[in-house]
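For reference, the structure discussed in these notes is given below.
Values in this text are rule-based calculations from the coordinates and carry no lab data. Because the structure is a prediction, the values reported are computed rather than measured. Methodologically, a virtual Cβ is constructed for each residue, glycine included, from the backbone with ideal geometry; neighbour enumeration extends over all protein chains shown.
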Amino acid sequence: AVALPVERTVSGLSVLTSRIAESALPAPFTTGFAVPPIIRPVRSDATTDYYRVSMERTSAEIVPGLRTEMWGYNGVVPGPTFVVPQGRKVMVRHVNNLPPAHPVLRYAPWTSVHLHGSASLPQYDGYASDITNPGQYKDYRYPNYQPARTLWYHDHGLHHTAENVFMGLAGMYTMTDPLERSLPIPHGEYDVPLIVSDTMLNSDGSLLFTTNDESGFYGDVILVNGRPWPAMRVARRKYRFRILNASISRSYNWSLSTGDRMAVIATDAGLMTGPQYVSNFRHGVAERYEVVIDFAKYRAGQRVVLRSGSPKNNIGFTHTNKVMAFDVTDDGFDNADNDVPSSLNPLQPTMALAESAAVATRRLDFGRSNGRWTINGTTWDDVVRSRFTKVLAAPKIDDVEIWELRNLSGGWNHPAHIHFIDFRILSRNGRPALPHERGAKDVVYLGENESVRVLIKFDQGRGKYMIHCHNLVHEDHDMMAQFEIRDPDVGVSDPMGTPASW
Ligand code: C2O
Ligand code: CU
């Protein structure tokens, strides 16, 4: 029997009482696995690949026989995957072709597209207030000079990011580089995106959204690449999975049903210096972890389940903590007994930063006051009211700083994200970072009462960038602020950021 949660307010798409019955959903591992298509440029020149993406209404079939209206980049959910070599510039024309009115959502779906993990300059950063209304477009430019990594693009529209992402506006963007391509880790068809999100449906198949009193959205149907609890056929060999937590609020704690360890080889900002072997790890919203799982040791016919033990905030169905299955086949046996190389990226620049190089230490407190989620007491509305002059920090270009991120909000967690830069975790609650997060990152999970010190170098990119909680409901209500990278030789930048040369 499913106990329906008691809800007072529903800000989004429908009311909880019409939630679909568990028995109407596909049973776990009865749905096939699929990966999003790879997008191709519409044109290329010597330095740049040009893409065009249309945000549009689409209809998905999450439950067989029921149509679910969603919004997709190019009409697919998750959006098409970009695969980009380091050093090639990318321009994406994002056209907002969303319907100007939605029968249930009570806003015109303005958008702002953020390439999460990119050092893109302020004007192309997906700034929340830099919105594009239905019928308009914006050209986003990405320099792609960073080390190889798994990025993702998702909506960031002011005060409606949670709904826009919930409706389907998220996709993966992978950047490769010569080091990544040369390593003996799985590539090509064995390098597989796993975009994990959670959703909730009405009995007619339509999406059901609630912010649970602005605390978060916790869906009970777990999707991998848009499919509910899929089963993937795997050969007896190693696979590399790029796991992106694209959920609105839910975090996961991964483990395999066999209890076997996984090799974590990359964090948000790319390859770790060496792999970390873990049998489970916590994965907060917006974080990316690349893991290698070796299926060579299993027998054909065996099923290995990727599951998540995160009882917290589960208002879910009995299957919420199952995520997907790997069904081992006897194809492509690969008895490679060599392990993932013990050294992957020894010169990783962010990991090589010395703490002693820091010229300042700042504190950013994630809290709650007067019914709003705040950072150092500030909300995004405060930033807007200040005409974008209010900044929480103004580091000088090329400086290294320590930021201490503290969760002072009581029984909540906050995946804290800093735009534009990569950081490394110096300590978590005075202790070393957890094994799986010992790599360069751009989001860090702040559990209850946790405090995390991170080391950041503010190289390049004069201008203003956001810092926010990536629980998108917190972000919309209004846990977001900005910092400014200043160049003393140039002076103060414009409120919305000055585009540097492209
Ligand atoms: Cu993934 Cu400011 O966002
Ligand atoms: Cu939060």
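May I ask which residue of Met479, Ala360, Gly226 lies farthest towards the positive end of the charge dipole of the chain, with charges of +1 (Lys, Arg) and -1 (Asp, Glu) on Cβ and the Cα centre as origin?
It is Gly226, whose Cα lies furthest towards the positive end.
Among the aspartates and glutamates, which fall within straight-line cross-link reach of Lys297, defined as a Cα-Cα distance under 12 Å, with same-chain neighbours fewer than 8 residues apart omitted?
Asp260, Asp330, Asp334, Asp337
Using the crude model of +1 on Lys and Arg Cβ and -1 on Asp and Glu Cβ, and no other charge, please compute the dipole size for segment 188-328 relative to its Cα centre, in debye to 20. Show your work: numbers first, answer last.
Details: 17 positive and 13 negative charges, 154 e Å.
In total the dipole reaches around 740 debye.
Please report Rg over Rh for the chain, where both radii come from the alpha carbon positions and Rh follows the Kirkwood definition.
0.94
Taking 7 Å along the Cα-to-C-beta vector as the label spot, tell me the Ser215-Tyr137 distance in nanometres, rounded to one decimal.
A separation of 4.4 nm, rounded to one decimal place.
Where nothing but the Cβ of Lys and Arg (+1) and of Asp and Glu (-1) is charged, how large is the charge dipole of the chain around its Cα centre, in debye to the nearest 20?
Details: 51 positive and 53 negative charges, 60 e Å.
With only Lys, Arg, Asp and Glu charged at Cβ, the dipole is about 280 debye.
Once R0 is set to 35 Å, what does the formula 1/(1 + (r/R0)^6) return for the Cβ-Cβ distance between Glu450 and His187, expressed as a FRET efficiency to the nearest 0.05? All intermediate terms of the calculation are to be shown ahead of the outcome.
Numbers: r = 36 Å, r/R0 = 1.02.
It comes out at approximately 0.45.
Given a Förster distance of 35 angstrom, what is the FRET efficiency for Arg368 paired with Leu434, based on the Cβ-Cβ distance and rounded to 0.05?
0.90
Simple spin-label model, 7 Å along Cα-to-Cβ: Arg43 to Asp487 in nm?
The answer from the label model is 2.9 nm.
When the helix-only estimate is applied to the chain (DSSP H runs of n ≥ 4, each -39,500 (n - 2.57), divided by the residue count), what is the mean residue ellipticity at 222 nm, nearest 500 deg cm²/dmol?
On the way: 4 runs with 22 residues, N = 502.
Computed ellipticity for the chain at 222 nm equals -1000 deg cm²/dmol.
Considering all alpha-carbon pairs of segment 103-205, what whole percent are spaced by more than 18 angstrom?
In whole percent, the long-distance tail amounts to 58.
Which order, highest average first, do 444-456, 380-392 follow once you tally other Cβ atoms within 10 Å for each residue and take the mean per peptide?
Result, highest mean Cβ count within 10 Å first: 444-456, 380-392.
So how far apart, in nm, are the two label points at Ser279 and Ser54 if each is 7 Å from Cα heading toward Cβ?
Distance between label points: 5.2 nm.
Among 233-245, 394-406, 145-157, how do they line up by average Cβ neighbours within 10 Å per residue, starting with the highest? Walk me through the intermediate numbers first.
Numbers: 233-245: 20.8, 394-406: 18.2, 145-157: 24.3.
The most tightly packed comes first, giving 145-157, 233-245, 394-406.
Residue farthest toward the positive end of the dipole of the chain, with Cβ of Lys/Arg at +1 and Asp/Glu at -1: which of Ile425, Ile265, Phe458?
Result: Ile265.
With unit charges on the beta carbon (Lys/Arg positive, Asp/Glu negative), name the residue among Tyr137, Pro193, Leu392 whose Cα is farthest towards the positive pole of the charge dipole of the chain.
Pro193
Past 24 Å, Cα to Cα: identify those pairs from Lys441/Lys464; Lys238/Lys457; Lys138/Lys464; Lys89/Lys464; Lys390/Lys457; Lys89/Lys390, in the order given.
Beyond 24 Å: Lys238/Lys457; Lys89/Lys390.
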